[in-house]
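The structure under discussion appears below in the form of structure tokens.
The values are calculated or read from the model by the stated rules, or taken from the named source; none is laboratory data. Since the structure is predicted, the reported quantities are computational estimates derived from the model, not experimental observations. No Cβ is skipped: glycine too gets one built from the backbone with ideal geometry, and neighbour counts run over all protein chains shown. Note: accessible area is taken over every heavy atom of the protein model, side chains too, but ligands, DNA and RNA are not part of it. Shrake-Rupley method; radii C 1.70, N 1.55, O 1.52, S 1.80 Å.
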Amino acid sequence: RYIDMPRMPLEDLRRSFTYDLDKYFPFDPQSIYTDCFILDPSNAEKRMSVLVVAVKKEIVDERLKLFKDLGLKLEHITTDTVAIANAFARLGPHPDGGAKAILDIGEGVSDLSILKDLSPRFTRDIFVGGREMTKQIAHVLGVDESKAEAMKKAPGERPEAMLAACEGPIANLVDEIRLSLDYFMTEKNIQVGEFFLLGGGSLLKGIEGVFEKNLGIPVKI
């Protein structure tokens with residue numbers, strides 16, 4: 001979540017933040033791990049933009065055990081959204097002052113992030129992903145889902161047919177993304193100038209052209 005707070009040092013923020021967890025997350029504070037980060041530390045304004053994150057302890061502990069059983073110690077653990085922002089900061093284009101949207105198309109969930117100056121400012125999960133595309137290909141072409149998945153990954157000479165078969169799930173994604181972009185640009189008064197696709201679903205041949213046509217902004221893989 002993204003919240004607006006009076007400006008204070010990060011150490012003070014972390015101390016005060018733990019007393020207000022019930023304001024931000026609908027979970028028992030004893031059942032979650034939390035952290036926070038100041039997104040605009042160099043800003044001179046009296047208020048600051050803060051990213052707050054919470055994860056169920058059982059989810060984190062399960063993953064920590066996997067590494068511990070392998071004899072490995074983790075230095076850091078983070079969320080998908082923060083990992084994408086960090087990777088984009090290292091590997092993506094240099095900041096130009098504008099905002100960039102990133103859609104990670106997973107199997108069951110697509111994660112939408114909007115970065116400003118390479119810091120995350122908006123995050124949303126959209127429950128449409130590659131699985132829906134596979135099911136739609138199977139339905140349209142009359143094949144089972146394992147065959148549809150193979151055809152999606154290796155369309156051969158039929159990439160247009162695969163893209164056309166996925167029209168419904170892609171249209172649902174586009175509609176949800178358009179709503180999110182409109183909300184962000186209205187609420188923050190910041191224009192989103194570029195859109196990036198990643199994740200397994202982004203490998204569907206020609207998908208970036210569909211997004212670019214419907215969103216009206218440049219889209220890249």
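Applying the selection to segment 136-155, what residues are farther than 17 Å from G168 by Cα and open to solvent by 50 Å² or more (accessible area, probe 1.4 Å)?
Hits for segment 136-155 are D144, S146, K147, A150, K153, A154.
Which condition number in (1) over 17 Å from the mean Cα position of the chain (by Cα); (2) exposed (fewer than 15 other Cβ atoms within 10 Å of the Cβ) is the one that F127 fails?
The single condition F127 does not satisfy is (1).
Within segment 64-92, count every residue that is in contact (Cβ under 8 Å) with a residue 60 or more places away in the chain and farther than 21 Å from V174 by Cα. Show your work before the answer.
Residues of segment 64-92 in contact (Cβ under 8 Å) with a residue 60 or more places away in the chain: 84, 88, 92.
Still in the list and also farther than 21 Å from V174 by Cα: 88, 92.
Here the count works out to 2.
Any residue in segment 206-221 that is under 15 Å from E194 (Cβ atoms) and open to solvent by 70 Å² or more (accessible area, probe 1.4 Å) sitting within a Cβ distance under 6 Å of a residue that is part of a helix (DSSP H, G or I) and among the acidic types (D, E)? List the pairs, counting only those 6 or more apart or interchain.
I221/E208
I need the full set of residues from segment 27-57 which are open to solvent by 100 Å² or more (accessible area, probe 1.4 Å) and of a type in the set (F, W, Y), in order please.
Result: F37, single match.
Each row is one residue, and each column tells you yes or no for (1) open to solvent by less than 90 Å² (accessible area, probe 1.4 Å); (2) within 20 Å of D111 (Cα to Cα).
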position	(1), (2)
I59	yes, yes
K68	no, no
L74	yes, no
A99	yes, yes
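Can D175 be described as of a type in the set (D, E) and in contact with a Leu (Cβ under 6 Å, 6 or more places away or on another chain)? Break it down stepwise before answering.
Working: of a type in the set (D, E): yes; in contact with a Leu (Cβ under 6 Å, 6 or more places away or on another chain): no.
When the stated conditions are applied, D175 does not pass them.
Give the residues of segment 1-26 that are open to solvent by 90 Å² or more (accessible area, probe 1.4 Å) and part of a loop (DSSP other than H, G, I, E, B), sorted by residue number. Reasoning before the result, please.
So the first thing to find is which residues in segment 1-26 are open to solvent by 90 Å² or more (accessible area, probe 1.4 Å), and the list is 1, 4, 11, 14-15, 19, 22-23, 26.
Listed by number, the residues that qualify are R1, P26.
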